[in-house]
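Beneath this line is the structure, given in structure tokens, with notes to follow.
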Amino acid sequence: MTEADQPDLGEQPGSPPLARSTLDRAAQHRKDEPWLSEAWTRGLVLVVDLSKGGRALVTDREDGGVELVLLPSAEAPEAGHWLLGLDPDGTPLWTVDAPLPEVGHARSANLRDVGHLLDDRDAGIFTAAAALVNWHATHGFSPRTGLATRAVEAGWARVDTEGNMMWPRTDPAMIVLVHDGAPGPDGRCLLGHNVAWGTAPDGVRRFSCLAGFVEPGESAEAAVVREVDEEVGVRLGSLHYAGSQSWPFPGSLMLGFHATADRDQPIRLDPEEIDEARWFTRDDIAKMIAGDYVEPDSGVRMNLPMRSSIAFYLIERWLGGFAR
């Protein structure tokens with residue numbers, strides 16, 4: 001692949017798509033009941049329907065982007081409302097978990113599909129709302145006492161009937177794009193196909209970066225080395241942190257890395273996790289992004305993760321020569 005054949009990626013991403021935000025979380029107001037009551041009356045609300053996979057209402061922009069539909073609080077569904085924070089202009093922003101109302105030409109979408117199409121403001125709003133809604137849905141009872149809980153502090157804490165408090169938690173997970181460090185078209189990256197993904201109904205197989213949860217007492221860097229060794233049996237050379245983003249499905253924080261490895265090492269798969277792993281050239285990756293990559297020997301079409309994922313961000317940066 002020559003320089004002229006490189007895909008036009010536009011401006012290289014400065015941060016992962018779901019790490020973008022303009023939200024002032026206004027934590028100082030979460031216990032101020034008079035302020036919260038007044039803020040609700042003048043606030044805007046993002047309705048998220050967790051029963052439908054965490055979908056919200058969006059409208060399509062002429063430039064190909066997407067924007068959220070935010071309702072005045074007086075028009076929002078009757079449900080518990082939780083403060084996300086303040087818009088740059090000072091408008092209070094809220095979320096509720098409820099069925100989506102009918103609003104003009106709006107359509108429903110989930111964060112996985114449209115996160116990369118939102119501007120910084122809306123990406124921050126939707127990501128925070130999805131994370132908060134998911135947390136509340138799974139913490140109706142205290143894990144310590146088993147007692148029922150209720151939301152307090154504008155939705156940023158829950159308390160059980162004996163006064164025991166708990167706050168939202170996120171699970172740290174690492175994700176790494178392993179590559180051979182070679183510049184230009186000869187460079188290759190190592191991607192895997194997770195056993196749980198199977199093959200899509202249209203016959204397409206998805207390949208992505210290697211990932212896994214950080215275990216108790218373990219650093220993120222140690223988790224990268226361990227997971228790569230466990231999943232594909234490859235030893236790493238250098239390792240560089242690339243960025244992070246929330247992945248609120250239901251509550252992970254993805255810590256992204258680039259790492260180098262000798263591509264002549266034998267691949268040893270963990271059959272419970274990865275059923276196929278291979279080195280792809282930059283030309284292969286460019287074709288996968290364009291949607292026209294077919295594996296020469298098998299004739300199987302292959303693609304990459306959704307563009308809102310940090311996996312796609314890591315792959316895109318490597319393709320553009322920004323990985324170390």
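The values are calculated or read from the model by the stated rules, or taken from the named source; none is laboratory data. Quick caveat: nothing in here was measured; it's all calculated off a predicted structure. Glycine also receives a Cβ, built like all others from the backbone with ideal geometry; neighbour counts cover every protein chain displayed.
Residue-level check: of (1) farther than 28 Å from V114 by Cβ; (2) surrounded by fewer than 19 Cβ atoms within 10 Å (Cβ to Cβ); (3) touching a residue at least 40 places away in the same chain (Cβ under 8 Å), I289 misses just (1).
Checked against (1) touching a helix residue (DSSP H, G or I) at 6+ places or on another chain (Cβ under 8 Å); (2) more than 22 Å from W247 (Cβ to Cβ); (3) crowded, with 18+ Cβ neighbours inside 10 Å, D284 passes all but a single condition, namely (1).
Screening V66 against (1) at pLDDT 95 or above; (2) over 30 Å from H258 (Cα atoms); (3) of a type outside the set (S, T, Y) leaves a single unmet condition, (2).
Any idea how many residues of the range 200-230 are touching a helix residue (DSSP H, G or I) at 6+ places or on another chain (Cβ under 8 Å), of a type in the set (A, V, I, L, M) and under 20 Å from M306 (Cβ atoms)? Spell out how you get there, then give the answer.
First, pick out the residues of the range 200-230 that are touching a helix residue (DSSP H, G or I) at 6+ places or on another chain (Cβ under 8 Å): 205-215, 218.
Keeping just the survivors that are of a type in the set (A, V, I, L, M) gives 210-211, 214.
Those left that are additionally under 20 Å from M306 (Cβ atoms): 210-211.
Within the range 200-230, residues that are touching a helix residue (DSSP H, G or I) at 6+ places or on another chain (Cβ under 8 Å), of a type in the set (A, V, I, L, M) and under 20 Å from M306 (Cβ atoms) number 2.
Of all residues in the range 63-96, those satisfying the criterion of being part of a loop (DSSP other than H, G, I, E, B), in contact (Cβ under 8 Å) with a residue 12 or more places away in the chain and closer than 21 Å to R112 by Cα are G64, G65, V69, L70.
When the range 222-253 is examined, which residues are found to be out of contact with any strand residue (DSSP E or B) (no Cβ under 6 Å at 6 or more places or on another chain) and part of a helix (DSSP H, G or I)? Hits for the range 222-253 are A222, V225, R226, D229, E230.
Of the residues that sit in the range 258-299 and are assigned to a helix (DSSP H, G or I) and of a type outside the set (K, R), which one is nearest to P16 (Cα to Cα)? Explain how you work it out, then say what you get.
Step one: list which residues in the range 258-299 are assigned to a helix (DSSP H, G or I), which gives 282-290.
Next cut, of a type outside the set (K, R) only: 283-286, 288-290.
Numbers: D283: 23, D284: 22, I285: 18, A286: 19, M288: 20, I289: 17, A290: 20 Å.
Once the filter is applied, the top-ranked residue is I289.
Considering the range 1-51, the residues that are of a type in the set (V, I, T) and at pLDDT 95 or above include one that is nearest to V176 (Cα to Cα), namely T22. Taking the range 300-324 as the search range and keeping residues that are in a loop (DSSP other than H, G, I, E, B) and hydroxyl-bearing (S, T, Y), which one is nearest to L191 (Cα to Cα)? Going through the qualifying residues, I end up with S309. Tell me, yes or no, whether the range 247-262 has at least one residue that is outside the structural domain of D120 (by TED's automatic domain parsing), surrounded by fewer than 15 Cβ atoms within 10 Å (Cβ to Cβ) and modelled with pLDDT of 95 or more. So far as the range 247-262 goes, yes, one or more of its residues are outside the structural domain of D120 (by TED's automatic domain parsing), surrounded by fewer than 15 Cβ atoms within 10 Å (Cβ to Cβ) and modelled with pLDDT of 95 or more. Among the candidates E231, E162, E221, E227, the residue that is assigned by TED's automatic domain parsing to the domain that holds L269, over 30 Å from D49 (Cβ atoms) and surrounded by fewer than 19 Cβ atoms within 10 Å (Cβ to Cβ) is uniquely E221.
Against the conditions (1) of a type outside the set (S, T, N, Q); (2) part of a helix (DSSP H, G or I); (3) without any contact (Cβ under 8 Å) to a residue 40 or more places away in the chain, D122 satisfies every one except (3). Of everything in the range 145-154 that is part of a strand (DSSP E or B) and not β-branched (V, I, T), the residue that is surrounded by the most Cβ atoms within 10 Å (Cβ to Cβ) is A151.
Spot the failing condition for G181; the list is (1) in a loop (DSSP other than H, G, I, E, B); (2) at pLDDT 95 or above; (3) farther than 24 Å from D284 by Cα, and only one is missed. All conditions are met except number (3).
Restricting the search to the range 155-178, which residues are out of contact with any helix residue (DSSP H, G or I) (no Cβ under 7 Å at 6 or more places or on another chain), assigned to a strand (DSSP E or B) and among the hydrophobic types (A, V, I, L, M, F, W, C)? Passing the criteria: A157, V159, M165, M166, A173. Only a single item in (1) surrounded by fewer than 22 Cβ atoms within 10 Å (Cβ to Cβ); (2) more than 21 Å from the chain's Cα centre (by Cα); (3) within 29 Å of V159 (Cα to Cα) is not met by P101, and it is number (3). Residues in the range 196-216 that are surrounded by 12 or more Cβ atoms within 10 Å (Cβ to Cβ) and either outside any loop (DSSP other than H, G, I, E, B) or within 18 Å of the chain's Cα centre (by Cα) (or both): W197, R205, R206, F207, S208, C209, L210, A211, G212, F213, V214.
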